[in-house]
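Everything on this sheet refers to the single structure shown next.
Quick note: the coordinates plus some simple rules give every number you see, no bench work behind them. Since the model is a prediction, treat every value here as computed from it, not as a measurement. A quick note on method: Cβ atoms are made from the backbone with ideal geometry, for glycine too, and the neighbour counts reach across all protein chains shown.
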Amino acid sequence: MAGEPRADCLFCKIVAGEVPADVVRETGTTVAFRDINPQAPTHVLVIPKAHYPDAASLAAAEPTLAADVLREAGEVAAEDKVDDTGYRVVFNTGTGAGQTVFHAHAHVLGGRGLNWPPG
Ligand code: 5GP
Ligand code: ZN
């Protein structure tokens, strides 16, 4: 069923506490944790606790939950004090764009110069 945990999903295992993570924030519907391979001084992943394969399917099925993820991205940036200098919120979607984990997640990147357009 849409949103149900998947046994083969790494981020569902993080939500369940079966895989450890450096959690920085948690709400009733979301978890935010530091990326294991950080690409910037602040590199946090914000995920919905419910399983959707990407941001578009999340937003289509549960727009309020998609908004929770976006709001938490802003809270993470404020807590890491990168909101003043600027930060980027990225949803890689599809293998061609570098998506490797098919559980929707926002990357929050900041604390260094961020080129535009991204590579
Ligand atoms: P994607 O490439 O799908 O946009 O992003 C997946 C992200 O998950 C990558 O930046 C990768 O470093 C991160 N990642 C992969 N496995 C783990 C893990 O076990 N723990 C944490 N904290 N991050 C992970
Ligand atoms: Zn999942």
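Residues in the stretch 12-55 that are closer than 12 Å to Ala106 by Cα and not in a loop (DSSP other than H, G, I, E, B): Thr30, Val31, Ala32, Phe33, Arg34, His43, Val44, Leu45, Val46, Ile47, Pro48, Ala55.
Tell me which residues, restricted to the stretch 84-112, are of a type in the set (Gly, Ala, Ser) and within 15 Å of ligand 2 (Cβ to nearest atom). So that I can check it myself, show each step before the final result.
Step one: of the stretch 84-112, the residues of a type in the set (Gly, Ala, Ser) are 86, 94, 96-98, 104, 106, 110-111.
If the condition is that a residue be of a type in the set (Gly, Ala, Ser) and within 15 Å of ligand 2 (Cβ to nearest atom), then Ala104, Ala106 are the ones that fit.
Screening Arg6 on (1) in contact (Cβ under 8 Å) with a residue 60 or more places away in the chain; (2) within 14 Å of ligand 1 (Cβ to nearest atom) shows it passes everything except condition (2). When each of Val89, Val108, Val76 is tested for being in a strand (DSSP E or B) and either of a type in the set (S, T, N, Q) or under 10 Å from Thr42 (Cβ atoms) (or both), the lone residue that passes is Val108.
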